[in-house]
Structures are given as C-alpha cells and as structure tokens.
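Novice: First, the structure itself, so that you have it in front of you.
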Amino acid sequence: MQEKIIEIADRIKELREVSDISPEEVSSVLDISVETYLKYENAEADIPASMLLEIANYFKVDMSLLLTGESPRMNVFTVTRDGKGVSVERRSQYKYQALAEKFIGKKVEPFVVVAEPKEEEPTLHSHPGQEFNYILEGSLKLYVHGNEVILNPGDSIYFDSNYPHAMKALDGKPAKFLAIIM
C-alpha cells in the first residue's frame, strides 16, 4: 500500500509542477499550511479522500487521475464489481473504495468506507461541499459540528461537510458505509 501512497503523492506533485504553481499557492487555496501540503506531496502524511477531491478540483482533473494515473473514459455508465473499486487507504481511521473512478465528469464521488474500531477519538476534518453516508454494516458514531449521532444499518445522514466532522466505529467492530461526497 505504501507504494500506492507514493504514486498518488507523485501525481499531485507532478500536476502542481507542470501547472507551474507554487506549493504556497496550492496550500493557500486548500486552506492548509504549506508544511502540511508538502507532507502530502512527499507521502509523509495521510491525505483524506476529501482533500484528494479538493486537490483534483483545484487542478481541474478527475480524482481518478490522482488515484490510478489514468483518466476516466466512461460517459454513459460504469460498473464497479463488489470489492473491485480502487482502494484508497489514506487515513488510518478509514479505508475507502472508490466506486466510479472510470466515469468522466462525475458530479459526486461515491465510496464504500470501512471505519475500523479504535479506542482513541477520531480526528475531525472538514472539506467544501456536502456528504451523504448510508450505513451498511455495524454501528457508527458521527461527530459533526459539535453533535454526536449514532447510526445503525439502514440509517443515513446528509450534512454540510464544511463543518468539522469524523466517524467512529462502535461496539469494537468495523462499520461499513456508503459515502457520497459532493
């Protein structure tokens, strides 16, 4: 997996360099420190999937290009078979599987996410846009803007992802959910 992380970081750095944009400019647009951005570029820090989406949007490329190195080609439909989506394991708290990486011009990024049970409290993060989560397996505590919401299979939540948020698997078991980032 470390090799994949390095490849994603290299693609981000290459996009920035061929665009002749400084790390300071990118970090300013992303509203993160230059140090954090350079850690992403050098594969020294986890990049949240939401940040990958922001980077892709900033460079006007599909997120699939960052994940796979290939531009999507499908424009009518795309099928992702069970367990065959591109894995994105950029944060130790969550494992993401992209569900539509081959589709051109997506208006949303759908993922299946697995939150592994952890003792420590999750790190809050935010990103522009909105997010929809639908619980498939397990129980999940979602922290959003000072609120804590318990979600079980069949439950869903739609929220403004500009507000700090995080998820935590409950009962010592992984929680699996569909996440759609808009």
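Novice: Evaluate the following for Lys84: is it in contact (Cβ under 8 Å) with a residue 40 or more places away in the chain and not in a helix (DSSP H, G or I)?
Specialist: Criteria not met by Lys84.
Novice: Follow-up question, since we're still on this one. Would you point out which residue out of Ser28, Ser50 is surrounded by 18 or more Cβ atoms within 10 Å (Cβ to Cβ), among the polar types (S, T, N, Q) and in a helix (DSSP H, G or I)?
Specialist: After applying the criteria, what remains is Ser50.
Novice: Tell me which residues, restricted to the stretch 100-125, are open to solvent by 20 Å² or more (accessible area, probe 1.4 Å), without any contact (Cβ under 8 Å) to a residue 40 or more places away in the chain and touching a strand residue (DSSP E or B) at 6+ places or on another chain (Cβ under 8 Å).
Specialist: Matches in the stretch 100-125: Lys102, Phe103.
The values are calculated or read from the model by the stated rules, or taken from the named source; none is laboratory data. These numbers come from a predicted model, not from an experiment. Virtual Cβ from ideal backbone geometry, glycine too; neighbours counted across all protein chains shown. The protein model used for the area step is the full one, side chains on, heavy atoms only, and it has no ligands, DNA or RNA in it. Shrake-Rupley method; radii C 1.70, N 1.55, O 1.52, S 1.80 Å.
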